[in-house]
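Derivation of every value follows stated rules applied to the coordinates shown; laboratory data play no part. Worth saying up front: this structure is predicted, and the values here are computed from it rather than measured. We place every Cβ from the backbone using ideal geometry, glycine too, and count neighbours over all the protein chains shown.
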Amino acid sequence: MAQVNKLGRIREVCVGTNKMNDLDFYMERPRVTGDFHGQAPLLWLINEKLQKSKRIVP
């Protein structure tokens, strides 16, 4: 959640690209704030937090 700003925009999102077989290619991609490519990981995080909050721990 540290990468979500007060406006709800996700920071440090890698801009879109085609598929490559080189990790460094992805690690060196430009990063922006508010790019839609960051929405899915945020939704996964929120879903996990909601699922955990519903669990009853004895």
The chain: angle of helix 39-54 to the longest principal axis, Cα-based, in degrees nearest 10
20
Percent RCO, i.e. relative contact order, over the chain, from Cα pairs under 8 Å lying at least 6 residues apart:
32
Only sites in a loop by DSSP and with at most 15 other Cβ atoms within 10 Å count here; which trypsin sites (Lys or Arg not before Pro) in the stretch 25-58 make the cut?
Arg55
MRE, 222 nm, helices only [DSSP H, n ≥ 4, -39500 (n - 2.57), over the chain, to nearest 500]
-11000 deg cm²/dmol
Eligible aspartates and glutamates near Lys52 by straight Cα distance, threshold 15 Å, same-chain separation 8 or greater
none
According to the Cα gyration tensor, what semi-axes, each the square root of 5 times an eigenvalue, does the equivalent ellipsoid of the chain have, listed from largest to smallest in whole Å?
28, 15, 9
